[in-house]
Amino acid sequence: MAGSRPLLPWLIAIGSGVALWSATAVLGDRREPWDAALFWSASYPLALLLCGLCGFAFPVRPWRWAVGLITSQLLVMIGSGADLSLLPLGLVMIGLLCLPAAFAARIGASLRNRIGS
């Protein structure tokens with residue numbers, strides 16, 4: 001299933017990322033989701049869980065789903081008209097946020113492989 005529909009996991013990862021980061025920005029009343037207190041207490045942990053679920057559902061190269069979900073935050077920031085003067089620093093931050101997310105996706109994929117074996 002994972003190899004036959006490569007577009008579906010991307011749509012799930014990016015779509016859920018955009019929805020999560022948009023909700024965080026709106027509920028936290030911030031243009032950039034990570035500026036909201038809600039980001040660290042709920043949204044990022046939920047993003048890690050979603051990455052794990054995507055890794056479980058689509059275990060082939062699961063790090064991709066983490067990258068899609070986390071970097072979709074950029075789409076939200078650009079769409080909301082955020083000041084992009086700190087974009088280089090933001091890209092570093094996104095890269096750092098992707099590391100635990102990729103690990104969560106890998107754990108999900110490992111669980112899937114163990115159950116499937």
Filtering the stretch 46-84 down to residues that are touching a helix residue (DSSP H, G or I) at 6+ places or on another chain (Cβ under 7 Å), not in a helix (DSSP H, G or I) and not small (Gly, Ala, Ser) yields PHE58, PRO59, PRO62
Of all residues in the stretch 24-50 being surrounded by fewer than 18 Cβ atoms within 10 Å (Cβ to Cβ) and in contact (Cβ under 8 Å) with a residue 40 or more places away in the chain, which is nearest to LEU96 (Cα to Cα)?
LEU49
Take the stretch 31-85 and flag every residue that is of a type in the set (Val, Ile, Thr) and under 12 Å from ALA109 (Cα atoms).
VAL60
Filtering the stretch 1-16 down to residues that are buried (at least 20 other Cβ atoms within 10 Å of the Cβ) and modelled with pLDDT of 95 or more yields ALA13, SER16
Counting only residues that are within 9 Å of the chain's Cα centre (by Cα) and hydrophobic (A, V, I, L, M, F, W, C), how many does the stretch 47-84 have?
9
Of all residues in the stretch 85-95 being of a type in the set (A, V, I, L, M, F, W, C) and more than 12 Å from the chain's Cα centre (by Cα), the one that is modelled with the lowest pLDDT:
LEU86
Close pairs from the stretch 88-100: first closer than 13 Å to LEU69 by Cα, partner outside any helix (DSSP H, G or I) and modelled with pLDDT under 95, Cβ under 9 Å, at least 6 apart
none
Kindly indicate whether SER110 is within 23 Å of TRP10 (Cβ to Cβ), at pLDDT 95 or above, of a type in the set (S, T, N, Q) and in a helix (DSSP H, G or I).
yes
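The values are calculated or read from the model by the stated rules, or taken from the named source; none is laboratory data. Being a predicted model, the structure only gives us computed values, none of them experimental. With ideal geometry, Cβ positions are generated from the backbone for all residues, glycine too; neighbour counts draw on all protein chains shown.
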